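Notes follow once the structure below has been shown.
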Amino acid sequence: GGMLRSLPIGESVRGGGKPPHRVRQRFNFIHSIVEAKVSAATNVIPSYDIVPSTSDPQDWNAAQLSEKVAIYGYDKWNLRRASTELVTNALVQREGFAYPYWDANVGPFIETLNDEGEVETLGTGEVKVKILGADQVFWEPGVNFEESRWHAIETAMYIGDVYDLPDYNGGPLKPDAATADNPTERESDELVLVTEYLERPSLKNPKGQRIFMGNNKVLCQPKSFPLTDPDKKPVDEPCLIRLSYVVDPTQDRDRGLVELLIDPQRTINDAWNKIIEWKNRC
């Protein structure tokens, strides 16, 4: 009748309320479907086959060693968990993004002399893979992800980690980020919203650009595009690996599984509750 009514979910101690035969239970079938899809996509440990570029014994031995490193790195670099998070984001948030990178601030740490003859402490470094959701990655509007000339990553970082960025020159920072789901909650005292801008190489800028921004200012000296070939030359490809469930050619963004299951979930809950109501009445 065009009116919004409130339906009680329980019986009242004074009488009235929800009739005793009524059932308003919610069964989460979507969770089981998503978990099954994630398990099917990640339960097999990958095998790596690296073919040597030439028949030279040195290249052959290098290829064999590379296979062992890749298999070792599957556990060392937590690729199983990273794959699980990536697939889950693709199913739930429409898209998931993997950002492989080299973290130079990982120990064990060693002391060495820099170009100025001063003692400097450096980490041996390690491979890392950052998993990002669809709400953290954006690119040029109206352009496909693979064709966009730039991509940007927006994340909340601890102030101390931002100060440790290479060539940081942004001065004092003001906390302006939060991890709470409720936007009315207060902002964290330790988090800053940082945008990493990645511009692919072009004729105008052959080295590309990598810029960190936060608090409406540039935080570090601009650097070249981080994706390079073995000769340290920037490669004109996205740094991010994109995964989605359904490709939508009519939009910039693809579609996920959960949004397609919402209406069937509501329908089966309604039908299931009606079955139980009829059982109670009988």
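General observations
- Residue within the stretch 41-61 that is under 39 Å from the mean Cα position of the chain (by Cα), modelled with pLDDT under 90, small (G, A, S) and at negative phi present: yes
- The residue list L243, L260, L203 contains one member that is of a type in the set (A, V, I, L, M) and either part of a strand (DSSP E or B) or modelled with pLDDT of 95 or more (or both), which is L243.
- Residue in the stretch 18-31 that is nearest to the chain's Cα centre (by Cα), counting only those that are open to solvent by less than 50 Å² (accessible area, probe 1.4 Å) and hydrophobic (A, V, I, L, M, F, W, C): I30
- Any chance V34 is part of a helix (DSSP H, G or I), in contact with a helix residue (DSSP H, G or I) (Cβ under 8 Å, 6 or more places away or on another chain) and open to solvent by less than 80 Å² (accessible area, probe 1.4 Å): yes
- Criterion (in contact with an Asp or Glu (Cβ under 9 Å, 6 or more places away or on another chain), open to solvent by 100 Å² or more (accessible area, probe 1.4 Å) and small (G, A, S)) met by exactly one of S55, S47: S47
- Matching residues, the stretch 49-71, being of a type in the set (G, A, S), in a helix (DSSP H, G or I) and farther than 21 Å from L240 by Cα: A62, A63, S66
- Total residues in the stretch 59-88 satisfying the condition of being farther than 14 Å from T42 by Cβ and either without any contact (Cβ under 8 Å) to a residue 24 or more places away in the chain or not aromatic (F, W, Y) (or both): the figure is 16.
- For the stretch 140-154, taking the residues that are touching a residue at least 24 places away in the same chain (Cβ under 8 Å) and open to solvent by 20 Å² or more (accessible area, probe 1.4 Å), the one that is nearest to the chain's Cα centre (by Cα) is identified as E154.
- When residues of the stretch 72-114 are limited to those that are assigned to a strand (DSSP E or B) and in contact with a Pro (Cβ under 9 Å, 6 or more places away or on another chain), the one least open to solvent (accessible area, probe 1.4 Å): Y101
- Which listed residue, of D252, D248, is over 22 Å from W102 (Cα atoms), surrounded by fewer than 16 Cβ atoms within 10 Å (Cβ to Cβ) and in contact (Cβ under 8 Å) with a residue 60 or more places away in the chain: D252
- Residue, farthest from N215 (Cα to Cα), within the stretch 126-164, restricted to residues that are in a loop (DSSP other than H, G, I, E, B) and among the hydrophobic types (A, V, I, L, M, F, W, C): V143
- Unique residue being acidic (D, E), touching a residue at least 12 places away in the same chain (Cβ under 8 Å) and buried (at least 17 other Cβ atoms within 10 Å of the Cβ) when the list is E190, E196, E237: E196
The values are calculated or read from the model by the stated rules, or taken from the named source; none is laboratory data. This structure is a prediction, so every number in the text was calculated from the model and none was measured. With ideal geometry, Cβ positions are generated from the backbone for all residues, glycine too; neighbour counts draw on all protein chains shown. SASA here: full protein model, heavy atoms, side chains in, ligands and nucleic acids out. Shrake-Rupley method; radii C 1.70, N 1.55, O 1.52, S 1.80 Å.
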